[in-house]
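Q: Structure in structure tokens, see below.
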Amino acid sequence: MRQIKFRVFDKDENCMVYGVKINESGKYEKYRNSFCEDIDSPDVEDIYYKYLDVFQYIGLKDKNSKEIYEGDILEDDEGSKISIVWDESECRFTYCLFPFNDLQMESYESISFVTEWKVIGNIYENKELFLE
């Protein structure tokens with residue numbers, strides 16, 4: 001069974017935070033920053049949409065044994081790049097080709113091929129990759 005893990009990008013602090021826990025009621029816990037006492041607060045919906053983007057671990061590791069999360073940018077040996085995305089209509093992780101284009105979303109039975117690629121960044125912390 002794969003581990004269910006999450007990370008959040010804190011837009012207010014401009015940083016990625018790993019190991020965020022979600023409790024039984026679906027609230028984020030054990031995460032603090034400058035604008036709230038605890039993410040498990042009555043205003044969690046406002047905080048979530050305004051300040052945090054949540055990314056789930058897809059259950060696979062890249063060729064360097066780094067965990068792959070939704071929002072990661074991966075590169076193969078020839079320099080091709082993809083980003084891992086959640087496909088709402090198919091209820092599964094898939095990928096978009098670089099540069100991003102909604103028409104380029106690919107949906108395959110398995111994305112296990114990404115274990116042969118390497119994580120080179122993510123869509124928030126490595127915006128320079130969009131320019132390459």
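Q: Which one of 4, 39, 22 is surrounded by 15 or more Cβ atoms within 10 Å (Cβ to Cβ) and modelled with pLDDT of 50 or more?
A: Every option except 22 fails the conditions.
Q: Within the range 87-110, take every residue that is loosely packed, with under 11 Cβ neighbours inside 10 Å and more than 16 Å from the chain's Cα centre (by Cα) and give me the one that is modelled with the lowest pLDDT.
A: Step by step, filter the range 87-110, then rank; the result is 103.
Q: Right, another one. Scanning the range 111-132 for residues that are modelled with pLDDT of 65 or more and among the acidic types (Asp, Glu), which turns out nearest to residue 15 (Cα to Cα)?
A: Only one residue fits best here, namely 125.
Q: Would you mention how many residues in the range 58-77 are in a loop (DSSP other than H, G, I, E, B) and either surrounded by fewer than 20 Cβ atoms within 10 Å (Cβ to Cβ) or among the acidic types (Asp, Glu) (or both)?
A: Selection size over the range 58-77: 8.
The values are calculated or read from the model by the stated rules, or taken from the named source; none is laboratory data. Model, not experiment: these values are computed from the prediction. For neighbour counting, all protein chains shown are included, and Cβ atoms are generated from backbone atoms with ideal geometry for every residue, glycine included.
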